[in-house]
Amino acid sequence: MKKVAVVISAFNCQEQLKQLLVNLINIQANIAGYEFKVIVVDDDSTDNTYNVGYEAGCYMIAFGQNQGPGLVARIGLIKALEFQPDFVIHMDGDGQHDPTFIPEMISLLEKGADYVICSRFHIDSKQNNTPQDRLKLNREISNRLSLALKLCITDARSGFFALPSAILKGVVDVMSVERYGYPIELLELIWECVWQEGRPPEVEEIPHPANYHISTPTVDYSKETPEEKQKRFDDAYAVLDMLSNRLGLTI
């Protein structure tokens, strides 16, 4: 039986996490031949997020102060490898990511994909109140990264992704982006890792709804200030600048 580790980054999303974990149980019951381990990384939530995961039997990691999505994801991915899975999936616990896509993600990995992205901005993805600034940011970042790495990516910033543990082992220790934009760095690191094997990386995308209509007590995209929006742009472009210097490329 193959093993799949599911890492869930969570922050003040007790109700969304509760429903996500129920859905994951149902999905596991309908996928034969796989054993799942669910790891929840709680980024200093002030609600009942930790207890929801603990009571559901998840392996729990909790921070005493807020760390940011990049560091939270990295710690969860490192822990996932300790369970010796064949595949590792990362998703957020705030309700934006639909776990019913997991069987398709696993299927693509079984067929040889090096990285599977659930893309919110694929041509076939449904847009649910997607802010125009997010459409612009993702289009610019994904286009520039695709051009530099000679890939076809529509969502370089997606936090819903999957990869073989063999590849994750080669990149997780050098992940350095602590806040937003960490998936951009991860994609580039995977690109480097696979090319070291003498072949181009096989990256697959699955159209996934862009669920910006979902809110939690700490996340409401309709109320983001101009300063918060600008910070996301700054974070993303800082990662591109870092990668440009690392690779000696113009991204």
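The values are calculated or read from the model by the stated rules, or taken from the named source; none is laboratory data. In this text the structure is predicted, and so the values were computed from the model without any measurement. Quick reminder, even Gly has a Cβ in these numbers, built from the backbone with ideal geometry, and neighbours come from all protein chains shown.
The residue that is surrounded by the most Cβ atoms within 10 Å (Cβ to Cβ), among those in the range 27-54 that are at pLDDT below 95 and polar (S, T, N, Q), is GLN28. Considering the range 1-84, the qualifying strands (runs of 3 or more DSSP E), each wholly inside and each with 1 or more residues that are within 19 Å of PHE101 (Cα to Cα), run over 2-10, 34-42. Scanning the range 107-130 for residues that are in contact (Cβ under 8 Å) with a residue 12 or more places away in the chain, under 15 Å from ALA166 (Cβ atoms) and part of a helix (DSSP H, G or I) yields a single hit, LEU109.
Note on the range 171-181: residues that are within 14 Å of TYR237 (Cβ to Cβ) and either in a helix (DSSP H, G or I) or aromatic (Phe, Trp, Tyr) (or both) total 1. Contact map, the range 14-35: residues that are hydroxyl-bearing (Ser, Thr, Tyr) paired with residues that are outside any helix (DSSP H, G or I), Cβ distance under 6 Å, separation 6+ or inter-chain. Pairs shown: TYR34/LYS2; TYR34/VAL4.
Here are ILE167, ILE106, ILE117, ILE123: which of them is of a type in the set (A, V, I, L, M, F, W, C) and loosely packed, with under 15 Cβ neighbours inside 10 Å? Can you show your working first?
Details: ILE167 fails: loosely packed, with under 15 Cβ neighbours inside 10 Å; ILE106 fails: loosely packed, with under 15 Cβ neighbours inside 10 Å; ILE117 fails: loosely packed, with under 15 Cβ neighbours inside 10 Å.
Sole residue among the options that is of a type in the set (A, V, I, L, M, F, W, C) and loosely packed, with under 15 Cβ neighbours inside 10 Å: ILE123.
For LYS79, the conditions (1) of a type in the set (Lys, Arg); (2) surrounded by fewer than 21 Cβ atoms within 10 Å (Cβ to Cβ); (3) in contact with a helix residue (DSSP H, G or I) (Cβ under 7 Å, 6 or more places away or on another chain) all hold with the exception of (3). Applying a threshold of 7 Å to beta carbon distances and a minimum spacing of six or more residues, or different chains, the list of pairs starting in the range 72-98 at a residue that is at pLDDT 95 or above and ending at one that is acidic (Asp, Glu) reads VAL72/ASP43.
Evaluated against (1) of a type in the set (A, V, I, L, M); (2) under 17 Å from the mean Cα position of the chain (by Cα); (3) more than 24 Å from HIS213 (Cα to Cα), ILE102 falls short on exactly one condition, (3). Among the residues of the range 117-134, those identified as at pLDDT 95 or above and within 18 Å of the chain's Cα centre (by Cα) are ILE117, CYS118, SER119, ARG120, PHE121, HIS122, SER125.
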